[in-house]
1. Taking Rh as the Kirkwood radius computed over C-alpha pairs, what is the Stokes-Einstein D of region 1-40 at 4 °C in a medium of viscosity 1.567 mPa s, expressed in µm² per second?
2. Normalising by the residue count of region 207-268, find the relative contact order in percent from Cα pairs under 8 Å and 6+ residues apart.
3. For the ranges 207-217, 226-236, 137-147, 257-267, what's the packing order if you count other beta-carbon atoms within 10 Å of each residue, average per peptide, and put the highest first?
4. Treat the count of other C-beta atoms within 10 Å as a stand-in for reagent exposure and order 113, 57 from fewest to most.
5. Two decimals, Cα atoms only, Kirkwood Rh: what is Rg/Rh over region 106-167?
6. Would you kindly compute the Cα radius of gyration of region 141-254 and its largest Cα-Cα separation (Dmax), both in Å?
7. Per the helix-only calculation at 222 nm, which mean residue ellipticity applies to the chain, given -39500 (n - 2.57) for every DSSP H run of n ≥ 4 and division by its residues, nearest 500 deg cm²/dmol?
8. Hey, any idea what Rg/Rh is for region 2-267, computing Rh the Kirkwood way over Cα pairs?
């Protein structure tokens, strides 16, 4: 019934307990999960996990915060997308969080390597014909600008994709939707103080909404502050149901259908 569209099951907090993770998913009615890659060094483990289980799929990409790791070019990413169970490029994007020049921190101007990496991932996804999994934090203007510059405007030939773990403003959500992207909400939407995100949750059309855990992080209420797992994604659905005036089951159904539509390889 429920699909976790973004989790990190190869991270050490969960990697050693996959049978228990899967049992908890089954008990909670979570039937599928997308296992996200954050470095090329991690990719073999992510893909192997997806190949071992028929309800897991994988992505390939380098997270914007990953430094001193192997930097793939377009051809390497393209080759990885041809591997079994790989359905998307990412997570990729920009992360300017905690940039504080006054305290001697890096300047945004110094993060050209992030922007160039992002462009590489966009180009690979377009060539591969698979969607992007976008991470953007405190960097929405540049994220949207680069996507537009690379032709990601929803027109024919665009890769499209999803803005995962969305925490930006209503205006950013509208811009992403106008460009043809989906928007995925995580356990943050269950937090009482996430008021602007609650408003965002009501404006996303039914056919563009996804849910996720981002496990092992960001556990939803009532597990906030604890280890997160895909089994908790129904709590995200339940809070969205409250905000949108429907049932958790309905949120599960429509977000699962959206998952299959966005990532058509999961149906093959």
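Laboratory data are not the source of any read-out in this text; all were calculated from the coordinates shown. Quantities reported herein were computed from a predicted structural model and do not represent experimental measurements. We place every Cβ from the backbone using ideal geometry, glycine too, and count neighbours over all the protein chains shown.
1. Taking Rh from Cα pairs, D becomes 121 µm²/s.
2. 30
3. 226-236, 207-217, 137-147, 257-267
4. Values: 113 11, 57 26.
The most exposed by this proxy come first: 113, 57.
5. On the way: Rg = 11.7 Å, Rh = 12.1 Å.
We get a ratio of 0.96 for region 106-167.
6. Calculated on Cα positions, Rg and Dmax stand at 14.4, 43 Å.
7. Calculated mean residue ellipticity at 222 nm is -11500 deg cm²/dmol.
8. Using only Cα positions, Rg/Rh for region 2-267 is 0.94.
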